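The values are calculated or read from the model by the stated rules, or taken from the named source; none is laboratory data. From a predicted model like this one, the values you see are computed outputs, not experimental measurements. Neighbour counts run over all protein chains shown; Cβ positions are idealised from the backbone, glycine included. Only protein heavy atoms, including side chains, enter the accessible area calculation; ligands, DNA and RNA are left aside. Shrake-Rupley method; radii C 1.70, N 1.55, O 1.52, S 1.80 Å.
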Amino acid sequence: NAGVMQNPRHLVRRRGQEARLRCSPMKGHSHVYWYRQLPEEGLKFMVYLQKENIIDESGMPKERFSAEFPKEGPSILRIQQVVRGDSAAYFCASSPPTGAEAFFGQGTRLTVV
Amino acid sequence: AQSVTQPDIHITVSEGASLELRCNYSYGATPYLFWYVQSPGQGLQLLLKYFSGDTLVQGIKGFEAEFKRSQSSFNLRKPSVHWSDAAEYFCAVGLSGYSTLTFGKGTMLLVSP
């Protein structure tokens, strides 16, 4: 059983471009969480999704950021028109519906140049 | 809103010495409490958690933590540190299990020979 898979591991984008970050949860996990880690900061919650539903997006910036978790395929975190302040590590975690442990992926490190 | 404070940004411990990492939280009720470890360039691994019951919890890799309600603390301890324990440690709180965790800024543990 593979762990939570995130890709790409490293992503470089120029200011104004779009960034798409992918997260494939562990097998049997239907809950996905996205967190952002800025340099020298802890992880900040962004969004909590179940299949085809956004459960809690209280941590998502109001503009340029969106997330989805379709019925088939990975969860996608999309950042439009990236700015330098979006440079961070983005982590995804997944858990089964029972509320058991959430497992984290290795993260995508986004650099905006 | 809940918050987590890890007052020590860096800690250096000699190999074989004991370790205590501090964590204080602010929350209206008893939260779910977690300690995670992050090695460089890696994702987060759960060390231990407290949901209810015995206030002294045992985790992986020889770590333990004690929940003290009166002090709003959940300090992480290990009796004898190994060089492989060098990593960054994050304390986190949750409202309901693993969803929407609030993380502290982390404590970087350095282990000297």
Residue that is farthest from residue A:9 (Cα to Cα) [pool: residues in region A:90-111 that are open to solvent by 10 Å² or more (accessible area, probe 1.4 Å) and either within 10 Å of the chain's Cα centre (by Cα) or β-branched (Val, Ile, Thr) (or both)]
A:98
Scan of region A:83-93 for residues that are over 15 Å from residue A:60 (Cβ atoms) and facing chain B (nearest Cβ under 10 Å), ordered by number
A:89, A:93
I'd like to check something: does region B:56-73 contain any residue that is farther than 29 Å from residue A:90 by Cα, open to solvent by 40 Å² or more (accessible area, probe 1.4 Å), touching a helix residue (DSSP H, G or I) at 6+ places or on another chain (Cβ under 8 Å) and away from chain A (no Cβ under 13 Å)?
no
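Among the strands (runs of 3 or more DSSP E) confined wholly to region A:1-80, which include 1 or more residues that are under 14 Å from residue A:91 (Cα atoms), open to solvent by 40 Å² or more (accessible area, probe 1.4 Å) and polar (S, T, N, Q)?
Working: elements: A:5-7, A:10-13, A:19-24, A:31-37, A:43-50, A:53-56, A:65-68, A:75-79.
Correct list: A:5-7, A:19-24.
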Only residues that are away from every other protein chain (no Cβ under 11 Å), within 29 Å of residue B:5 (Cβ to Cβ) and touching a Phe, Trp or Tyr at 6+ places or on another chain (Cβ under 7 Å): list them for region A:38-82, please.
A:67, A:77
What are the residues in region B:77-102 that are within 19 Å of residue B:3 (Cα to Cα), assigned to a strand (DSSP E or B) and open to solvent by less than 10 Å² (accessible area, probe 1.4 Å), if any?
B:89, B:90, B:91, B:92, B:93, B:94
Matching residues, region B:7-25, being more than 22 Å from residue B:71 (Cβ to Cβ), assigned to a strand (DSSP E or B) and open to solvent by less than 40 Å² (accessible area, probe 1.4 Å)
B:13
